[in-house]
Amino acid sequence: MVHVDYYVILSAILFTIGALGVLVRRNPLIIFMSIELMLNAGNLAFVAFGRSHELLGTPNFNPFSGQIFVFFVIAVAAAEVAVGLALIVEIFKTKKNINIDEMNSLKG
Amino acid sequence: MHLSETTSSGFFYLAPWLVFAPLTGLLINLIFGKLFKFSERTVGIVASLASGAAFVVAVLLAYSVSLNPEGMSIPFAQWIHVGTLQIDWTFRVDSLSATMMLVVSGVGTLIHIYAIGYMHEDVRFKKEEGRFTRFFIFLNLFIAAMMILVSGDSYMMLFVGWEGVGLCSFLLIGFWYEMDTLARPSWANSNAAKKAFITNRVGDFGFLIAGFLMFWYLGNSFQFDKVFEAAKTAPPEIIVAITLFMLVGVAGKSAQIPLYIWLPDAMAGPTPVSALIHAATMVTAGVYLVTRSAPLYTLVPQAQYIVAMTGAVTALFAATIAVGQYDIKKVLAYSTISQLGFMVAAVGMGAYTAGMFHLITHAFFKALLFLSAGSVILGLERGHHHLAHAHAHHDEKQKGKKKEGKKDDHGHDEHGEVFDPGDMRNMGGLRKTMPVTFWLYIIGTLALAGIFPFAGFWSKDEILLDAAKLYPTVYWLLAIAAFFTAFYMGRQIWMVFFGEARHEAAAHAEESPKVMTVPLMVLAALSILGGALNLPYIHTLGHWLEHTVELVEHEAQVAPWLEQSLGGLNIYVALISTVAALLAIFISWLIYGRNPLKTGQVDPLKKPLGFIFTGMENKWFVDEGYFAVIINPFKKLSQFIADVIDWRFWHDFVHDTVILGTYNWLSEIALNDYADQKGIDAFANWLGTATQSVSATLRKVQNGFVRSYALSVMLGVVLILGYLIFK
């Protein structure tokens, strides 16, 4: 059996890659992918901790709680992507462009 | 209330109706007079009935007093209740106040009736017929106020009436306020009214001081009995002060030296007013006050002496002025002052019965004389009117033009001069044209001159006898005044009724209607029979009053000729005064009767008496003296205060220079330059620029790049997590 630390480290690496992607990239589609990466890093951590607590036998612990959280996150992420893609399509219709750096009309 | 109490208290419970009866008449005329367009007749009847009702009440009260000689206090309403101070509206009905009530309402009612006839013509001569109702409203108000004065149970209530009659006097003197006595546009009448009111203010000031002293030193009360009780133990100097300050009030209201000057001018009012207020009733309020305060005056003989001397000097002084007057009413006015002097002297000496006796008889015969004088004046007006109409008919065309200037066709004779119907130089020979008035006037004159057996003889002799016993100086002053009285009345009779008419109007004078002459006949009967009130041996009035006024016999060394007495009548005193009066009338006949005055002739006394007559003619220049000594300096002082103190110092200097200057300096230099511009403005501006610069810095954060916002979020999360982990 693989130790839980490895999962957590992997999750942290995935999250960092996702975060860097959000900060660095200019294409909104890539940014969405990076967000998915971060969310899934979170999912991985949930599942890993859930399995480890199950094995450690923590009292009053539901063995499926990690997986349940993951389902919620996946559902929310799906909804988020649906909204986000719709927004991007509308922005493209008006601006003929989806460069994230040009969407700055709310600046002070 | 038990039956026995009801019967023993008689009609005392009616006392408030003394005031309410005339008030009711007043209100009826005031409220319904305009509404239902009362005719003059209705107005007059309502007012006379109201006054007559007061007379009936007074008779019933007097009857009750005759059953209960001690009288009674009738509480009516609470007035001022503060702490221990309790002042109530309480009516006091005793023999003294009942006497006054009878005189006031009796003479008042007769004058009301007379006034119906008089005012009917007066408002037509003055061309102001709408003012008829107002006159009777004022008359009724006067009766009500006078009733409060005489029936009050405390000095406070007396003072209310005192001021009320003063107000009515003012209103009625200034009844024709926008014209003078000859109906020319002028402020003479309103000035006379103001003079009366302001002079009375001086007197009332004295009365008020007396009231304050009384309240402070005599038992914290205004109620008569309490004050008199406390006075017995009070220090005499306090009583002297109170009585002398009260004398100032008496001098104001009863027209004594030095405040008598308003009364002759008060003749500006319609003649019924002169008769009712300025001869018969209101001016006797001072005499009533002294009589009412008898327990105070009796305690301090030195104050009594001053009161007596004031009265005596006034009596003589005014009598001399009356000799030099030409206006029929002015003669009577000075005569009134003189007779009031007799009364004040009497009550000052402590001869309260004599004073009250003379008050009553004087009310009869002086009202008679004044009203007869009013009849004479109206008779001349009628004659003059008759002439004016005859002339107007003569040239019809001019009349059409004259209609614009209404007052022009009346009050001017054919030469364009003003015709004065009150001037005795315009009269003469009226005994033929106005026989009724003539005989009535004769009766009044004989009563006033003190000829046996008319009313004035008895009352004046009683005063003279008391004076002779107590204060010889007062006696001689009064005796000489009595001589002058007979003389000026004789002069008036010869000038007015005998000889030939000195003016066309007098030749055409017409007798007055019955509504005027009948009340005069009643007054004439009273003037003849009034002496019966207090005849020697019987002394009805004395016994009547002794229950109220404590009569203190003075210990005085009396000359033997004064000790002989026929039931209170000394034959020598009576003889001296009768002979003096007859002599005076004879002298007046020598001067004015034997050779009647011709038109435009100077008074025959002017040559032999010279400057003395000029003095009498000009009232001894007292008014001028007051102007020189008091009024002009007062005006100058007011002018000085107004111009220099108020305007130049207070307005120009203090307000404009000091206050406004300081304000300007403060606002412009101190506040505007320093506080406002450099303080508040600068701070506000700094706030603005500071906010601007801070926001300019902060807006750089909002650069619109999603990434930079995301980075901020990340950094925030890292910081918070780092803190939570490594804390």
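Any read-out appearing in this document is the output of simple, stated calculations on the displayed coordinates, not a laboratory observation. These figures come from a predicted structure and were not determined experimentally. Don't worry about glycine lacking a Cβ; one is built from the backbone with ideal geometry, like all the others, and counts go over all protein chains shown.
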- Item | Taking the convex hull of Cα positions in the protein assembly as shown, its mean projected area over all directions (nm²) | 73.8 nm²
- Item | Test item: Cα-centred dipole of the protein assembly as shown, Lys/Arg +1 and Asp/Glu -1 on Cβ, debye | 2000 debye
- Query: To the nearest 0.05, what FRET efficiency results for residue A:26 and residue B:678 with a Förster distance of 51 Å applied to their C-beta separation?
  - Reply: 0.40
- Task: Output the Cα-based Rg and Dmax of segment A:4-102 in Å, rounding Rg to one decimal and Dmax to a whole number.
- Result: 17.0, 57
- Farthest toward positive dipole pole in chain A [+1 Lys/Arg, -1 Asp/Glu at C-beta], among A:40, A:56, A:105: A:105
- Note on the structure: So the pair-distance distribution of segment B:118-212, from every Cα-Cα distance in 5 Å bins, comes to percents of 3, 13, 19, 20, 17, 11, 8, 6, 2, 0
- Item | chain B, helix-only ellipticity at 222 nm - DSSP H runs n ≥ 4, -39,500 (n - 2.57), divided by all residues, nearest 500 | -21500 deg cm²/dmol
- For segment A:4-102: relative contact order, % (alpha-carbon pairs under 8 angstrom, 6 or more apart): 28 percent
- Taking the radius of gyration and the Kirkwood hydrodynamic radius from Cα positions alone, what is the Rg/Rh ratio for segment B:1-91, to two decimal places? 1.12
- Query: Sorting B:652, B:180, B:466 on the 10 Å Cβ count, fewest up front, what's the list?
  - Reply: B:652, B:180, B:466
- Residues with amide H under 5 Å of residue B:152's amide H, sequence separation 5 or more or different chain, H placed in the peptide plane at 1.01 Å from N; which? B:92
- Against the 2.2 N^0.38 Å rule of thumb, the C-alpha Rg of chain B sits at a ratio of 1.35
- Query: Can you give the convex hull volume of the alpha carbon atoms of segment B:632-679 per residue, in Å³?
  - Reply: 32 Å³
- Note on the structure: In degrees, nearest 10, the alpha-carbon axis of helix B:682-699 is tilted away from the dominant principal axis of the alpha carbons of chain B by 30 degrees
- Message: Which entries of B:329/B:606; B:127/B:619; B:195/B:329; B:366/B:469; B:253/B:606; B:469/B:619 have Cα-Cα distances beyond 25 Å here?
- Response: B:127/B:619; B:366/B:469; B:253/B:606; B:469/B:619
- Message: Counting each pair of different Cα atoms once, what's the Kirkwood radius of segment B:74-155 in Å, rounded to one decimal?
- Response: 15.0 Å
- Note on the structure: Shape descriptors of segment B:1-154 over alpha-carbon atoms, Rg and Dmax in angstrom, are 17.6, 58
- Calculated SAXS-style log₁₀ I(q)/I(0) at q = 0.16, 0.25, 0.26 Å⁻¹ - segment B:221-296, Debye, Cα scatterers: -0.65, -1.10, -1.16
- Message: Principal axis extents for segment A:48-105, Cα atoms only, whole Å, descending order, please.
- Response: 56, 18, 14
- Message: What whole-number distance in Å separates the alpha-carbon centres of segment B:126-181 and segment B:468-509?
- Response: 29 Å
- Message: Can you tally the net charge around residue B:530? Count Lys and Arg as +1, Asp and Glu as -1, for every other residue whose Cβ sits under 12 Å from the Cβ of residue B:530.
- Response: +2
- Message: Using all alpha carbons of segment B:596-727, what is the percent of pairwise distances in each 5 Å bin, ordered from the shortest bin to the longest?
- Response: 2, 7, 6, 6, 6, 5, 5, 5, 5, 5, 5, 4, 4, 4, 4, 3, 3, 3, 3, 2, 2, 2, 2, 2, 2, 2, 2, 1, 0
